[in-house]
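> Following this message is one structure expressed as structure tokens.
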Amino acid sequence: MARAAAEQLRLADVVQSWLGRPVLVIGDAMLDEWRFADSDRLCREAPAPVLTLRRRISAAGGAANTAVNVAALGGRSVLVAPVGADVAGDELHDCLDRAGVWDRTVNQPGRPTPVKRRMLAGDQILLREDSGDPDDPLTDVGVDCLLTALDCATEELRAAAGGAAPTLVICDYGLGALPAPVRAWLVAHRSRYATVALDAHDLADWRGLAPTVVTPSFAEASRLLARAGTAGLAAADTPTDLHLEHPEMHPGDGPSELTVGTAPGGLRRTDGPTGEPTPGESRVAMTRDGLSVTGTGVTVNADAGAGVDRAVLARSRLAELRAHTGADVVAVTLDTDGAVVGGAEGEPARSHSTPVPASHAVGAGDAYLATMTLALAAGAPLPTAAQLAQLAATSTVAGTGTCVCRRDDLLAALGHPTPDDSALVGAEGLTGIIAEHRRNGRSIVFTNGCFDVLHRGHVRYLEQARALGDLLVVAVNSDDSVRRLKGADRPVNPVEDRTTLLAALSCVDHVVVFEEDSPAGLIEAIRPDVYVKGGDYPPDLVPEAPLVQRLGGQVRTLGYVPDRSTSAIIERIRAHGQGTAVDTAGSVDTAVSVDTGQAGDSVDAGRAVGSGQAVDVGQAVEVGQPVTAPGAGVPPTTGKAP
């Protein structure tokens, strides 16, 4: 028991060690759309179900989801990718913004953003509609803009990290985001990145890259060996040859997903393999005269080769895969069977997964790739990196939707949860919580604000507010709401960071986010006994006062703590960085959160900072002062400031 606890603590230390690590993700970005419907009858025109749409969710997919996972796990994530100037592209930008990803995507007018739309009834995917033609090549101008964005983002991350080389993740799913000139640039500039992870359908396109780690599926590994003229993936003790057959594969299917549930079937043939494994006509079979491998599955004939599985086959060819890719580490993902991971030294690591419905596992491979990359970049031993990557992928598949592994969830799976965030509640659940408190005779105090950068004055204000009743509810403006109120360069910190720190304060009982510019809807829903605002004006001048009083509550205003304001902190950060292009030697380590209307908060920050709990002066170049390589222009992008 003690040994297991020590091992969990060691793994948790690795997760903590990669906080803020700079990671640049480049590749095929797409939008995942999930439509949830009910069906209780068939239509009269055909034996088809009649669907009633109940809910729609959009999420980042492909390379964009890998970037989201890096950010959710605690890394400093930047995405460079071509994105269409269309509605889907706008939604993708919003997904990146909510996740805290530095959006350095480049608009490509006339080239649509790839979209996967899934229609579900229950957990069953009934159909998938794909839009966005992956055959549309980038224009010469588009390629130049992408290279400029890549160069600038690399230097931007290096500056933010105090001169340290960033980590690079390449997601090449054959959808056109990485044409030959971009691949050649990345190979030529390999030395600018400390750790390089590659996830590509056609690994042969990346000869000369010398990546740190590659993460092919079983099918992709088989295809590489077949094209390299080898016998393919075969068990070392199998006396017969391994025959590889590759049915055609559609180029629009996007990334191959680490399917923890049902394994896909075969692949369709193309000149250059693109797209994801899709069910094919012929299944894989081992017969008396040899093996045939298609897709990611192997079916063993009961009379011949019993006991031979894909893990054994993959393990036997790890050395060849390292030789053909030039990678230090090869991780062959086996969907339902987990993964086999091997480096130049030591025994290969074997990990296992948990079978779940296929609709729960979309994007789990992105979580695997992000975690493996962060762990190796942090210097973790290979077995540790493999264990954490599989745990991250497995822990994301609890429900339907695009998988994202969050740092808190990973730590909780290791038995080391972060401080209790039960104070964070949704607007829908808040009314029930308040009703229960009222039944127990507790009085409710309510306040609201942007809560952007926490300082002593804010903490004092909240402590005084809490003293006015039995329970303090703090309502936080969403990121969009803050931008509308304070300008495009606010908030400094995303809503996830702001609410987490507020919830950690002992004087705060519940934290809720609202999208509107006014908290009137929440006030009407919970009917606070006391509504508190900061300021020197009389309570009657508070805009919400008439509503609160009509509902039977009272309004209180609390004075300021002198010489303490959000804007003053931001101005000190700005002054600290003046005189040098980037000053990363001395960061201002300031706890994140709370902006409740303290004096001077209306002053805009001249530059944005990162989304971590420390305000890093190295990130102060982010808005309005992008760091560019000598002679490099600033790419036309639709990206948003962190």
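The values are calculated or read from the model by the stated rules, or taken from the named source; none is laboratory data. Because the structure is predicted, anything quoted here is derived from the model rather than measured. Cβ: placed from backbone, ideal geometry, glycine included. Neighbour counts: every protein chain shown. Surface accessibility is based on the protein's heavy atoms, side chains included, excluding ligands, DNA and RNA. Shrake-Rupley method; radii C 1.70, N 1.55, O 1.52, S 1.80 Å.
> Got at least one residue in the stretch 116-131 being modelled with pLDDT of 90 or more, crowded, with 21+ Cβ neighbours inside 10 Å, within 27 Å of residue 496 (Cα to Cα) and in contact with a Ser or Thr (Cβ under 7 Å, 6 or more places away or on another chain)?
no
> Being open to solvent by less than 10 Å² (accessible area, probe 1.4 Å) and either touching a Phe, Trp or Tyr at 6+ places or on another chain (Cβ under 6 Å) or over 23 Å from residue 493 (Cα atoms) (or both) narrows it down to one of 70, 106, so name that one.
Details: 70 fails: either touching a Phe, Trp or Tyr at 6+ places or on another chain (Cβ under 6 Å) or over 23 Å from residue 493 (Cα atoms) (or both).
Sole residue among the options that is open to solvent by less than 10 Å² (accessible area, probe 1.4 Å) and either touching a Phe, Trp or Tyr at 6+ places or on another chain (Cβ under 6 Å) or over 23 Å from residue 493 (Cα atoms) (or both): 106.
> Name the residues in the stretch 316-346 that are β-branched (Val, Ile, Thr) and open to solvent by 10 Å² or more (accessible area, probe 1.4 Å), would you?
325, 329, 333, 336
Every residue, every condition in (1) open to solvent by 40 Å² or more (accessible area, probe 1.4 Å); (2) assigned to a loop (DSSP other than H, G, I, E, B), yes or no:
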site	(1), (2)
141	yes, no
152	no, no
178	no, yes
194	yes, yes
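> Only one residue in 350, 310, 315 is at pLDDT below 90, among the basic types (Lys, Arg) and in contact with a Phe, Trp or Tyr (Cβ under 9 Å, 6 or more places away or on another chain). Which one?
Criteria check complete, one pass: 310.
> Can I ask one more? Mind counting the residues in the stretch 154-168 that are buried (at least 24 other Cβ atoms within 10 Å of the Cβ) and of a type in the set (A, V, I, L, M, F, W, C)?
3
> Could I ask something else about it? Look at residue 460 and say whether it is surrounded by fewer than 19 Cβ atoms within 10 Å (Cβ to Cβ), closer than 18 Å to residue 544 by Cβ, of a type in the set (D, E, K, R) and out of contact with any His (no Cβ under 9 Å at 6 or more places or on another chain).
Considered against the rule, which asks whether it is surrounded by fewer than 19 Cβ atoms within 10 Å (Cβ to Cβ), closer than 18 Å to residue 544 by Cβ, of a type in the set (D, E, K, R) and out of contact with any His (no Cβ under 9 Å at 6 or more places or on another chain), residue 460 comes out as no.
> Identify all residues within the stretch 467-484 that are more than 13 Å from residue 502 (Cα to Cα) and either open to solvent by 60 Å² or more (accessible area, probe 1.4 Å) or in contact with a Lys or Arg (Cβ under 8 Å, 6 or more places away or on another chain) (or both); write none if there are none.
Residues satisfying the conditions are 467, 468, 469, 470, 471, 479, 480, 482, 483, 484.
> Checking the structure you have, find out if any residue of the stretch 4-11 is within 19 Å of the chain's Cα centre (by Cα) and in a helix (DSSP H, G or I). Break it down into steps so the answer makes sense when it comes.
The initial filter retains those residues of the stretch 4-11 that are within 19 Å of the chain's Cα centre (by Cα), namely none.
No, the stretch 4-11 contains no residue that is within 19 Å of the chain's Cα centre (by Cα) and in a helix (DSSP H, G or I).
> Looking only at the stretch 180-190, how many residues end up being farther than 26 Å from residue 74 by Cβ and either small (Gly, Ala, Ser) or open to solvent by less than 10 Å² (accessible area, probe 1.4 Å) (or both)?
Here the count works out to 4.
> Exactly one condition in (1) open to solvent by 40 Å² or more (accessible area, probe 1.4 Å); (2) acidic (Asp, Glu); (3) under 26 Å from residue 111 (Cβ atoms) is false for residue 7; which is it?
(3)
> Looking at 336, 373 in this structure, which one is within 24 Å of residue 224 (Cα to Cα), modelled with pLDDT of 90 or more and of a type in the set (Ser, Thr, Tyr)?
Checking each option against the conditions leaves just 373.
> Determine, yes or no, whether residue 451 is surrounded by 18 or more Cβ atoms within 10 Å (Cβ to Cβ), in contact with a Gly (Cβ under 9 Å, 6 or more places away or on another chain) and touching a residue at least 12 places away in the same chain (Cβ under 8 Å).
no
> Could I ask something else about it? Given the conditions (1) in contact with a helix residue (DSSP H, G or I) (Cβ under 8 Å, 6 or more places away or on another chain); (2) open to solvent by 50 Å² or more (accessible area, probe 1.4 Å); (3) not polar (S, T, N, Q), report the number of the one that residue 171 does not fulfil.
Checking residue 171 against (1) in contact with a helix residue (DSSP H, G or I) (Cβ under 8 Å, 6 or more places away or on another chain); (2) open to solvent by 50 Å² or more (accessible area, probe 1.4 Å); (3) not polar (S, T, N, Q), the one that fails is (2).
> Can you tell which of 21, 41, 54 is open to solvent by 40 Å² or more (accessible area, probe 1.4 Å) and in contact (Cβ under 8 Å) with a residue 40 or more places away in the chain? First the steps, then the outcome.
On the way: 41 fails: in contact (Cβ under 8 Å) with a residue 40 or more places away in the chain; 54 fails: in contact (Cβ under 8 Å) with a residue 40 or more places away in the chain.
One residue alone meets the criteria, 21.
> Could you check the stretch 398-450 and list, in sequence order, the residues that are of a type in the set (Ser, Thr, Tyr), under 23 Å from residue 506 (Cβ atoms) and at pLDDT below 85?
418, 422
> Taking residue 472, is it assigned to a helix (DSSP H, G or I) and within 28 Å of residue 436 (Cβ to Cβ)?
Working: assigned to a helix (DSSP H, G or I): no; within 28 Å of residue 436 (Cβ to Cβ): yes.
So residue 472 fails the test.
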